[in-house]
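See structure below.
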Amino acid sequence: MDARSLADEAIANMDPEVVAAIRSDPGQGVTLLGLTVETMSGVPNRGSGGWCDGASFVDEGRIMYRPTAGRRENFTICHELAHHLLRLDDDAMDWVADKDDADEALENLCDKMAAVLLVPGDVVESVVSLHGFSADALISLYDVTSASRHCCANAFIDLMPSKGFVAITDPKTHKVWATARKGDTSPAAYPGQTIPTAHALRLLTEQKNHIRTRSWWPLGPNDRWDYYLDARRSGNWNIAVFAERDLLDVEELHFSRPEPNRYDGDVNCPCGFRGGSAWHPCSDCKASSCPKCKKCLCDYRAEREKRTQCMSCFQSVRSHLLEDGLCDGCR
C-alpha cells in the first residue's frame, strides 16, 4: 500500500456529492462536513513540511489558511481537510505509524490526498489519452480543474509509467519553482535550483514555446543522467516533463541508448490478468502494477492484512474473517 492508494481509498469512502462540492469550491465544500474555514495572516510552522499555508484544529473542527494568489489556497484547504479525515482512518494511521518519520509521512499523505481531491484520476487519464505524458497534458489539467500547477503536477506524475519528474520553472530567472517526482527518481530538479547553462530548457521563449527532445539533468558536479524532455511555455511559467522512457516517440530508434532500468513488467496478478506492464516496478514488492486493476502485490497484501473491529466483542480481526460484522467467536 502506498500514499496514493490510501488517498484514493479515503476519498472513495466520502459522500460523492461532498467530494464534488469540494472540487468545485474547497472553501465552501468542506463546510458540508461540519467544519469551519477561516483566514489568518500568519501560519504556524510545521517542522515536518507539507507544501501548504494552513493549520488544522481537529478537536475544534476548524481549518485556517493564509489567502494566497492563484489557486494555492485551494490545495491548502484540502490538505487541512485531510488531517481531519485521516485521524479516523485506522489503515492510514497504521501506515503512517510504520514509517521511520511518521510526521513527515503524514504530511506527505495529506499532500497526496489534497492532490487526488482536486485532480481526479479519471480527469488525468482523460487529458493523458488526448495529449500523452506531455507538458500540454499538464497545462490542460490546470485549465479544467481548480488545482494549482504544482498540485496538477503531483497528480499527473503518479500515473506516468516511467521514472521521471516535472519541473515548473521561471523563464526570467531560469530557476526551478516547483517539482513533482515519480517514486525515487534521481537525479531530479528541486525548488530553487538553477537550470544548467547549456540546458535545452533555457531555449524556451514566447516565440519558441515548445521543445520535445532527448535531454538530461545533472547528476553530481561532473556527470548527468539522460531523460526525454517535453516542455512548453505557459503564461509566466515553463512546464517541463522529464521521462526516462521515450513516452512521446522523440526518437524513431533507440539502439544508441539502453534503458537505465528494467521495465519488462511481466505481471501475474491475483485479479486474473496475465501479461506485460509498462509500469515501473514498486520499490517495495519489486512487481509492476497491473494494467487492469492498477494494483501491485503490496496492495493485495495490505488488503489481506486489513483489520476491522468485531461489532460484538470489539476485537480487531482480519476483515475477510468477519460475517455480518461478527468474528467467528461471536457468530
- Query: Which of Lys99/Lys175; Lys175/Lys292; Lys163/Lys292; Lys99/Lys172; Lys163/Lys295; Lys112/Lys294 have a Cα-Cα distance over 28 Å?
  - Reply: Lys99/Lys175; Lys175/Lys292; Lys99/Lys172
- Task: Work out, step by step, the length gained on full extension between Asn13 and Asn209: first 0.36 nm times the residue separation, then minus their alpha carbon distance; give nm to one decimal.
- Result: 66.3 nm
- Neighbour-count order for Asp249, Asp170, fewest beta carbons within 10 angstrom listed first: Asp249, Asp170
- Message: Give me a comma-separated list of calculated 3J(HN,Hα) values for the stretch 23-38, in order, Karplus coefficients 6.51, -1.76, 1.60 applied at θ = phi - 60°, integers in Hz, x for any Gly or Pro.
- Response: 5, 6, 8, x, x, 7, x, 5, 5, 5, 9, x, 9, 9, 10, 9
- Message: Please list, in order along the stretch 155-163, the HN-Hα scalar couplings obtained from phi with the Karplus expression 6.51 cos²θ - 1.76 cosθ + 1.60 (θ = phi - 60°), rounded to whole Hz, x for Gly and Pro.
- Response: 5, 5, 5, 4, 8, 5, x, 6, 5
- Would you mind putting 20-32, 148-160, 112-124 in packing order, based on average other-beta-carbon counts within 10 Å, highest first? 148-160, 112-124, 20-32
- Pairwise Cα inverse-distance average, inverted: Kirkwood Rh of the stretch 121-243 (Å): 14.3
- Can you give the relative contact order of the stretch 158-220 as a percent, counting alpha carbon pairs under 8 Å and 6+ residues apart? 27
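FYI, it's all coordinate maths here, none of it is from the lab. Just so it is clear, the model here is predicted, and its values are computed rather than measured. For neighbour counting, all protein chains shown are included, and Cβ atoms are generated from backbone atoms with ideal geometry for every residue, glycine included.
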